[in-house]
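Just below is one structure, and these are the notes that go with it.
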Amino acid sequence: MTSDGRLDGVTDIQSVLASRGLLSDAALERVGRLQRESGERIDLIAAKLGLISDRDLAQAYSQLLGSPVLTPADFPPEPIAAERLRAAFLKRARVIPIAETDSAVVTAMADPLDDATARAVEFAIGKSVARRAALPADIDAAHERLYGGGRSTIDQIYEAAGERDDTERASDLERLKDLASEAPVIRLVNTLITRAVEMVASDIHLESTETDLRVRYRIDGMLREMETPPARLRSAIISRIKIMAKLKIAERRLPQDGRIRLAVRGKEIDFRVSTTPAIHGESVVLRILDRSSLSLDFAALGFDDTQLPQFMDCLMRPHGIVLVTGPTGSGKTTTLYAALTQLNSPDRKILTAEDPVEYVLAGINQVQMNADIGLTFATALQSFLRQDPDIMMIGEIRNLETAQIAVQAALTGHLVLSTVHTNDAASAMTRLLDMGIENYLLNSTVNAVIGQRLVRRLCERCREPYEPAPELVATLDLGAADRDGPVSLYRPKGCLACNGLGFAGRTMILELMVMNDSIRTLVLRRAEAREVQSEAIRGGMQTMYGHGMRKALAGITTIEEVFRVTRDM
């Protein structure tokens, strides 16, 4: 690369992607075959297939350029060279000038390897272009701010939708179909979905109220309210989503479930759609299932160096039961998927029974439950035992029949992974006893139980350290964890990189209860959960609260987050 930021010669993006571990050998072979057929660049093919995320691709470009990935704070407050570059061109090419000197213009590009776009900017401005890598979402947001005339994309779509009211004719099925098929409504729904994906939301909530349609995104486990669409579009928006999910748009009295698959920013993303009738209309929730953002690495999930070796030891045993417990939304399924990924190999047959199948894992036989036709966890497991599996995963142990078959499978030489809804690891044993499983069978089959919660990660760019009051340090016993100096905790501040929230992403806090002779003795006499918990702690188990406090002291999260998710324990 030359001093002005130009790329010299043929840049080997393939080797960069491989060196960063972004593409496996199989993925490289796949995209290489498609590259030979289409002539398109390997990085663009991999992005379209969803094999690499926008962030990973931007970091690979930054490595080639020798400059860091731009952040939202790097974009200018006012447009640069606005009279020489058309806003439509910049939007289409995903290019934003961020600085100008006498001899060059520094340009943020979603694709810095796009020589044609760089030459077009050079020709229009009459200066050389210094290329910088940026996330497509950041460029789009900057374009909206700099060239959108003070109106957001959604505001412009609202205006384009006109003043027609769909509420008076909501009962007219054909009129409803027509409204849902109009371009402004299609654009609006697509924009709502695209923005949610860009903001790394896990769910989109659309709730009909008496006056309008409330839109909220769940980001890092917390709901965040967005702009409210006009009331006149309420029925049309919900109908459009129903059409996309292949649901009955005329049925508004009963709940419905469906799925949508869309390409968003070049990635194939699944959406699980659920509708339910409410007093003022229908409530719709779209669960976003983005395979590219799913991390199946234990360290990235939140395991520390002391917990991971113990857990891997339990996973590698040839038979037994490993349970993951916690409330809804605590990341249990992700932990099980990470475990299956570790266990998946050509010499093992793995079967899963899930309701629903959230992500498709290569090399694993996944079965979707369907109670309407009698396919339940229990019936699926009975079938699995005749399929000669090595490992079975049960989405959830809900009743005695499922628990009995899981125990039977573990006793006959299978490794069984599953979840139970309890507040902590120790309570899982009492829950299974309450279901009717014999105590001696639990002692013979259960290898370990993980209790877990998800807490929000502090934004590393803007988190603020502070020294807590001595009374707080003494009350929480924080001094024992940091004897080499004063105790420091961290709090959120908010910046452009985290959209002013002070948090970016989530991590797991957990407790790992490995079965030992002392715990088995308590289970045999059906001891209460608190006794089992106390014995596990004496045996060296770190509680979720303790794990969370360690992460708070390390600046990963806040003590308030730890209190929020562990206050019921």
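The values are calculated or read from the model by the stated rules, or taken from the named source; none is laboratory data. Model, not experiment: these values are computed from the prediction. Cβ atoms come from the backbone with ideal geometry, glycine included; neighbour counts cover every protein chain shown. For the accessible areas, the whole protein counts, side chains as well, though only heavy atoms, and no ligand, DNA or RNA atoms are used. Shrake-Rupley method; radii C 1.70, N 1.55, O 1.52, S 1.80 Å.
Rule-of-thumb check for the range 1-142: C-alpha Rg over 2.2 N^0.38 Å?
1.06
Obtain the nm distance between the two label points defined at Asp313 and Arg564 by a simple spin-label model: each point lies 7 Å from its Cα along the Cα-to-C-beta direction.
Result: 3.5 nm between the two label points.
Just to confirm the number: angle between the C-alpha axis of helix 400-411 and the first principal axis of the chain, 0 to 90 degrees, nearest 10?
80
Efficiency by 1/(1 + (r/R0)^6): what FRET value for Leu433 and Leu223, r their Cβ-Cβ distance, R0 = 35 Å, to the nearest 0.05?
That pair, Leu433 with Leu223, gives E of 0.45.
Could you state the accessible area per residue of the chain in Å², with a 1.4 Å probe and every protein chain left in place?
Here the residues of the chain average 47 Å² of exposed surface.
What does the convex hull of the alpha-carbon atoms of the chain project to on average, in nm²?
Its average projected convex-hull area is 31.2 nm².
With the alpha-carbon atoms as the only input, what is the per residue convex hull volume for the range 187-308 in Å³?
Value for the range 187-308: 122 Å³ per residue.
Calculate the FRET efficiency for Asn190 and Thr328 from the Cβ-Cβ distance with a Förster distance of 35 Å, rounded to the nearest 0.05.
0.75
For the range 92-109, take each phi angle, set θ = phi - 60°, evaluate the Karplus expression 6.51 cos²θ - 1.76 cosθ + 1.60, and give the result in whole Hz per residue in order, putting x for glycine and proline.
Rounded to whole hertz, the list is 5, 8, 6, 10, 9, x, 10, 6, 9, 10, 5, 10, 8, 10, 8, 10, 7, 9.
What's the longest bit of the chain with no exposed trypsin sites (Lys or Arg not before Pro), using DSSP loop states and at most 10 other Cβ atoms within 10 Å as the test?
Here the longest run is 1-252.
Helix-only estimate, please: 222 nm mean residue ellipticity of the chain, summing -39500 (n - 2.57) across DSSP H runs of length 4 or more and dividing by its residues, to the nearest 500.
Here the helix-only value at 222 nm equals -11000 deg cm²/dmol.
Hey, which of these cross-link pairs are over 23 Å Cα-Cα: Lys246/Lys267; Lys91/Lys493; Lys493/Lys551?
Those over the limit are Lys91/Lys493.
Through the Karplus equation 6.51 cos²θ - 1.76 cosθ + 1.60, θ set to phi - 60°, convert the phi angles of the range 534-548 into ³J(HN,Hα) values in whole Hz; use x for Gly and Pro.
Here the 3J(HN,Hα) series is 4, 5, 5, 5, 4, x, x, 6, 8, 6, 4, 4, x, 5, x Hz.
Using a 7 Å offset from the Cα along the Cα-to-Cβ direction at both Gln342 and Thr211, what is the distance between the two label points in nm, to one decimal?
5.2
For the pair Ala554 and Thr475, what calculated FRET efficiency results from E = 1/(1 + (r/R0)^6), where r is the Cβ-Cβ distance and R0 = 25 Å, to the nearest 0.05?
Between Thr475 and Ala554 the formula returns 0.80.
With θ set to phi - 60°, apply the Karplus curve 6.51 cos²θ - 1.76 cosθ + 1.60 along the range 20-35 and write out the HN-Hα couplings as whole Hz, x wherever there is a Gly or Pro.
7, x, 7, 10, 6, 4, 5, 5, 4, 5, 5, 5, x, 5, 5, 5
Under a 5 Å amide H to amide H cut-off, with H placed in plane at 1.01 Å, what residues pair with Val446 once short-range neighbours are removed?
Ile321
Using alpha-carbon positions, what is the distance between the centroids of the range 546-569 and the range 212-235, in Å?
A separation of 30 Å, based on Cα centres.
With the full set of protein chains in place, find how many percent of the accessible area of the chain is carbon and sulfur; take the probe as 1.4 Å.
Carbon with sulfur: 48 percent of the solvent-accessible area.
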